[in-house]
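Visitor: Dropping the structure in here first, questions after.
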Amino acid sequence: MTTNILILCTHNSARSVLSEGMLNHWARKLGKDVRAFSAGSAPSGRLNPFALEALTHADIDVSGYRSKSWDEFTTPEAPPLSIVITVCDSAAAEQCPVFFGGNGQPVKVHWGYPDPSNAEGGDEGKRRAFELTRQAIGYRMLQLLQLPLETLGKQELLAELKAISST
């Protein structure tokens, strides 16, 4: 059974998109039955071009990516979520809606990353910041994919996810 993971950031334009891309990329490469989605509480309606560039340079196909609301994942038709990860502090502080999981509510954890959009140094500074953020996210996603997701209980899973956030 597929493990569906939703990654949230307020505007769903950069960090959550990088996370969705990296998790799906590594899951495919490792043959893991994991599917990532991203969304935002106040989606911007556009994806940050530096995020798309960082993913494209990592050979990740970004066609079909779009900025979307977390409301899309609150309906009974939405994929059953096992894990919800917030990647920006403002999204972590918001009251999340009720998401449908396969076994009740999904496990929720915060993995914060600084906003690479705020990097100094013009476009080149932003490119470096987005690439470093993509790499940091990719590292955590690899750690997540090493977990025995299909056998961990919710409390064990939460503990493992929190341990990953401290690395």
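Visitor: Where only protein heavy atoms count, and the probe is 1.4 Å, what is the accessible area per residue for the chain in Å²? Mind showing how you got there, number by number?
Guide: On the way: 8190 Å² over 167 residues.
Each residue of the chain exposes 49 Å² on average to a 1.4 Å probe.
Visitor: Stretched out fully, how many nm does the piece from residue 53 to residue 120 gain, at 0.36 nm a residue minus the Cα gap?
Guide: Extending this stretch completely gives an extra 22.4 nm.
Visitor: Right, here's the next one. With the full set of protein chains in place, find how many percent of the accessible area of the chain is carbon and sulfur; take the probe as 1.4 Å.
Guide: Numbers: 4250 of 8190 Å².
C and S fraction of accessible area: 52 percent.
Visitor: For helix 15-30, what angle does its Cα long axis make with the longest principal axis of the chain, in degrees from 0 to 90 and rounded to 10?
Guide: Long axis of 15-30 versus the principal axis of the chain: about 60 degrees.
Visitor: Let me ask another. Between residue 2 and residue 71, what length comes free when the chain is fully extended (0.36 nm per residue of separation minus the Cα-Cα distance, one decimal in nm)?
Guide: Working: separation 69, 0.36 × 69 = 24.84 nm, distance 2.10 nm.
Length difference between fully extended and current span is 22.7 nm.
Visitor: What percent antiparallel are the DSSP beta bridges of the chain, to the nearest 5?
Guide: If I count the DSSP bridges inside the chain, around 5 percent turn out antiparallel.
Visitor: Quick one: net charge of residue 161's neighbours, Cβ under 14 Å, K/R +1, D/E -1? Provide the component values of the computation, followed by the final result.
Guide: On the way: positive: 108, 140, 154, 162; negative: 156, 160.
Taking every other residue near residue 161 into account, the sum is +2.
Visitor: Then there's this: Taking the chain as the reference, fit the longest principal axis to its C-alpha atoms, fit the long axis of helix 122-145 to the helix C-alpha atoms, and give the angle between the two in degrees, 0 to 90, nearest 10.
Guide: It works out to around 20 degrees.
Visitor: Output the peptides 17-26, 65-74, 112-121 sorted from most to least packed, where packing is the average of other Cβ atoms within 10 Å over each peptide's residues.
Guide: 17-26, 65-74, 112-121
Visitor: Filter the cross-link list 126/162; 32/108; 29/154 down to pairs whose alpha-carbon distance in this structure exceeds 24 Å. Don't skip to the end; give the middle numbers.
Guide: Numbers: 126/162 28 Å; 32/108 21 Å; 29/154 26 Å.
Cα-Cα > 24 Å for 126/162; 29/154; rest within.
Visitor: Once Lys and Arg get +1 and Asp and Glu get -1 on their Cβ, which of 85, 27, 111 lies farthest toward the positive end of the dipole of the chain?
Guide: Comparing the listed Cα positions along the dipole, 27 ranks first.
Visitor: Still on this model: What angle do you read, to the nearest 10 degrees and between 0 and 90, between the alpha-carbon axis of helix 154-165 and the longest principal axis of the chain?
Guide: That works out to roughly 20 degrees.
Visitor: Taking the Cα centre of the chain as origin and charging only Cβ (+1 Lys, Arg; -1 Asp, Glu), how large is the dipole, in debye to the nearest 20?
Guide: 160 debye
The values are calculated or read from the model by the stated rules, or taken from the named source; none is laboratory data. As the structure is a prediction and not an experimental result, all values here were calculated from the model. All Cβ positions, even for glycine, are placed from backbone atoms using ideal geometry, and neighbour counts span all protein chains on display. With ligands, DNA and RNA removed, areas are computed over all heavy atoms of the protein, side chains included. Shrake-Rupley method; radii C 1.70, N 1.55, O 1.52, S 1.80 Å.
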